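Chemist: Questions regarding the structure given below will be posed in turn.
The values are calculated or read from the model by the stated rules, or taken from the named source; none is laboratory data. No experiment lies behind these values; they were computed from the predicted model shown. Cβ coordinates were reconstructed from backbone atoms using ideal geometry, including for glycine residues, and neighbour counts include every protein chain displayed. Areas reflect the complete protein model, heavy atoms only, side chains present, ligands, DNA and RNA absent. Shrake-Rupley method; radii C 1.70, N 1.55, O 1.52, S 1.80 Å.
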Amino acid sequence: MLSQPFTLKFTTRQRPVRHTPDFLALTRGTALLIDVRPADLIKPDDALKFAAAQRAARAAGWHYAVVAGWRPQPWAALEALSARRRAMSDPLGLLPELLELTEEQPRRLGELVAATSWPTLSRAYLLHLLWARRLTLDLALPLGDESWIYLPRRG
């Protein structure tokens, strides 16, 4: 991931313009050029710059995206997880139990907590582990019993 990887310089009929895209994500076989701007702050001049960045990305064989906001479920999940951000003790030994269960395979949140010896307490502790990044989740769905819980990739 490269931050502000280069500056595009181009000329419109009216004037010269400069634009520095926000990120270039390099992956195996492709790249993604990214501009980040909240939707309510995108002005006509920005749209022109984004179009130029998209054209430059396409010419290089890359993909291009403008990130203009979050879907609602990540915000709701972040709010729920932040409620468990403070340090927590683990007198019942839930940490090894939750880690072992997710190490076997990713699990749905409801299934995961039901498989522990203390389901109700495990749910609260699981939210703390998500906040602390000991476990991770798929935010494609709203945070709930159907959310997929994983061990984070290390390395």
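Chemist: Looking at (1) among the basic types (Lys, Arg); (2) part of a loop (DSSP other than H, G, I, E, B); (3) more than 27 Å from ILE149 (Cβ to Cβ), find the lone condition where LYS9 falls short.
Modeler: Of (1) among the basic types (Lys, Arg); (2) part of a loop (DSSP other than H, G, I, E, B); (3) more than 27 Å from ILE149 (Cβ to Cβ), only one is false for LYS9: (2).
Chemist: Scanning for something at pLDDT 95 or above, out of contact with any helix residue (DSSP H, G or I) (no Cβ under 6 Å at 6 or more places or on another chain) and open to solvent by 50 Å² or more (accessible area, probe 1.4 Å), does region 62-74 turn up at least one residue?
Modeler: Yes.
Chemist: A follow-up question, please. Go over the candidates ALA59, ALA47, ALA53 one by one and state the one that is outside any loop (DSSP other than H, G, I, E, B) and open to solvent by 80 Å² or more (accessible area, probe 1.4 Å).
Modeler: When all the criteria are applied, what remains is ALA59.
Chemist: Could you look through region 75-125, keep only residues that are of a type in the set (Asp, Glu) and modelled with pLDDT under 90, and pick out the one that is nearest to LEU24 (Cα to Cα)?
Modeler: Checking each candidate, the answer is GLU79.
Chemist: Can you tell me which residues in region 11-40 are among the hydrophobic types (A, V, I, L, M, F, W, C) and surrounded by 14 or more Cβ atoms within 10 Å (Cβ to Cβ)?
Modeler: Of everything in region 11-40, those that are among the hydrophobic types (A, V, I, L, M, F, W, C) and surrounded by 14 or more Cβ atoms within 10 Å (Cβ to Cβ) turn out to be VAL17, PHE23, LEU24, ALA25, ALA31, LEU32, LEU33, ILE34.
Chemist: Just give me the residues in region 115-125 being open to solvent by less than 70 Å² (accessible area, probe 1.4 Å) and assigned to a helix (DSSP H, G or I), in sequence order.
Modeler: Correct list: PRO119, SER122, ALA124, TYR125.
Chemist: Please enumerate the residues belonging to region 35-44 that are out of contact with any helix residue (DSSP H, G or I) (no Cβ under 9 Å at 6 or more places or on another chain) and either in a helix (DSSP H, G or I) or modelled with pLDDT of 90 or more (or both).
Modeler: Hits for region 35-44 are VAL36, ALA39, ASP40, LEU41, LYS43, PRO44.
Chemist: Could you identify the single residue in LEU130, LEU101, LEU135 that is farther than 19 Å from SER82 by Cβ, open to solvent by less than 30 Å² (accessible area, probe 1.4 Å) and in contact with a strand residue (DSSP E or B) (Cβ under 7 Å, 6 or more places away or on another chain)?
Modeler: Only one candidate qualifies: LEU101.
Chemist: Same structure, new question: Is it fair to say LEU78 is surrounded by 13 or more Cβ atoms within 10 Å (Cβ to Cβ) and within 30 Å of ALA39 (Cβ to Cβ)?
Modeler: Taking the combined requirement at face value, the residue satisfies it.
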